[in-house]
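Presented below is the structure to which this report refers.
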Amino acid sequence: MPLRRFELERFFAEFEFHVEHMLCGSDCEPLTIDEILRLEPGASERFGALGLGYTETQGSLTLREQIARIYETIGPEQVIVHAGAEEGILLFMQAALASGDHVVVHRPCYQSLFEIAQFMGCEVSSWLAREENAWALDLDELVPLLRPNTRAIVLNVPHNPTGYLMDRSDYDRLHEIVRQRGLLLFSDEVYRECEHRPTDRLPAACDVGPHAVSLGVMSKTYGLAGLRLGWTATKNREVHQRISELKDYTTICTSAPSEFLAEIALRHREQLVARNLEVITANLGLLDGLFERHAEILRWVRPRAGTIGFPKLLVGELERFVQRILRERNVLLLPGSVFEDGDNHFRLGFGRADMSEGLRELDQFLAGLRV
């Protein structure tokens, strides 16, 4: 089947850069180039002297060394740098799957996580997260989904769009199921290190064993979406090698300036994470008040990680609500329909420092609905 229209990206292409209050963004507060360079003495001079030739296909060794430090047991030779997380998703699917394979995908989710597999001729089953279960996945529902031709399970944790963070016991059980069945686990971990309580952090999937591939990116937790850099990390030599070979048909290599800046940022990633968690914590406090004031109109399962949640509109029709607040208040919310959710949910983002301005408009709009 052909690749379908990417609903979320088309929605943002139309509205994201033309709206005053972006209340559905998924990233953290971005940094400037100057702010990154000031993290290290002499960085500005080194950046100015950087050559603009090709970079290594796998990513520079020094950058991969910094990425490997995010994990417990991964070496730089087990990391491949990509042009954003999207390339990592695409190349994993092409490296690991073939037409006729069966894939189980944690949903709702970012469209690429199932769309590319479908485009390749794979059979895709949805492992649904439900609001009535606090968006938790039910492992008892997973096993009946598995088939003799199942090749991989696709997991996103911390989760977009709900902010769900799997319990450790369920996480360990999932890995055991994957190992016992001889499957692959593709773990979208782009919000890892953005847990609201660091003690809740799960081990990276790639650290658990060679059955797993972890996906990371500079965009979310670290607030550096403009670098357009992501990575895959795995101990699975076959998948790793095939991803490396397939990258020759996509970007070949990534941007030298982006790699330079990402390396500096990752050397100071604890500082960046602390900065962004401070913004997230303050914004969650504001949102607690909003949901308390408008409990008859909105409800949500309070996220445990990341920068997004998935509230539900309790009155009226969601698409009309989104269009009206955009028109009347210049506030952008992301309808759940882009995640193929038809139950009046929408994505709300709280990783930006200026969220309070848009939240004030949303608060006043909701108050008007109650008059």
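The values are calculated or read from the model by the stated rules, or taken from the named source; none is laboratory data. This one's a predicted model, so the numbers in the text were calculated from it and none came from an experiment. Reconstructed Cβ throughout: ideal geometry from the backbone, glycine too, with neighbour counts over all protein chains shown.
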Of the residues GLU131, GLU56, only one is surrounded by fewer than 21 Cβ atoms within 10 Å (Cβ to Cβ) and under 20 Å from the mean Cα position of the chain (by Cα); which?
GLU131
Of all residues making up the stretch 194-221, the number that are surrounded by 21 or more Cβ atoms within 10 Å (Cβ to Cβ) and either modelled with pLDDT under 95 or within 12 Å of the chain's Cα centre (by Cα) (or both):
9
Among residues belonging to the stretch 244-275 that are of a type in the set (S, T, N, Q) and not in a helix (DSSP H, G or I), point out the one that is surrounded by the most Cβ atoms within 10 Å (Cβ to Cβ).
THR254
Quick one: SER26 ticks every box in (1) closer than 22 Å to VAL154 by Cα; (2) under 17 Å from the mean Cα position of the chain (by Cα); (3) in a helix (DSSP H, G or I) bar one, so which box is it?
(3)
Go through the stretch 207-243 residue by residue and tally those that are assigned to a helix (DSSP H, G or I), without any contact (Cβ under 8 Å) to a residue 40 or more places away in the chain and either touching a His at 6+ places or on another chain (Cβ under 6 Å) or not basic (Lys, Arg) (or both).
4
When you check THR199 against the structure, is it farther than 25 Å from LEU90 by Cβ, without any contact (Cβ under 8 Å) to a residue 60 or more places away in the chain and among the hydroxyl-bearing types (Ser, Thr, Tyr), yes or no?
yes
Of the residues HIS82, HIS102, HIS106, which single one is touching a strand residue (DSSP E or B) at 6+ places or on another chain (Cβ under 7 Å), surrounded by fewer than 22 Cβ atoms within 10 Å (Cβ to Cβ) and assigned by TED's automatic domain parsing to the domain that holds THR221?
HIS102
Any residue that is surrounded by 17 or more Cβ atoms within 10 Å (Cβ to Cβ), among the charged types (D, E, K, R) and within 28 Å of VAL217 (Cβ to Cβ) - is there at least one of those in the stretch 325-341?
yes
Run down GLY358, GLY351 and say which single residue is of a type in the set (Gly, Ala, Ser), crowded, with 22+ Cβ neighbours inside 10 Å and farther than 23 Å from GLN111 by Cα.
GLY358
Cβ-Cβ distance below 6 Å, separation of 6 or more or different chains: which pairs start in the stretch 325-339 with a residue that is within 17 Å of ALA367 (Cβ to Cβ) and end on one that is assigned to a helix (DSSP H, G or I)?
ILE325/PHE365; ARG329/GLU361; ARG329/PHE365; VAL331/ILE325; VAL331/GLY358; VAL331/GLU361; VAL331/LEU362; LEU333/VAL322
Across the stretch 1-23, what is the number of residues that are assigned to a loop (DSSP other than H, G, I, E, B) and without any contact (Cβ under 8 Å) to a residue 60 or more places away in the chain?
1
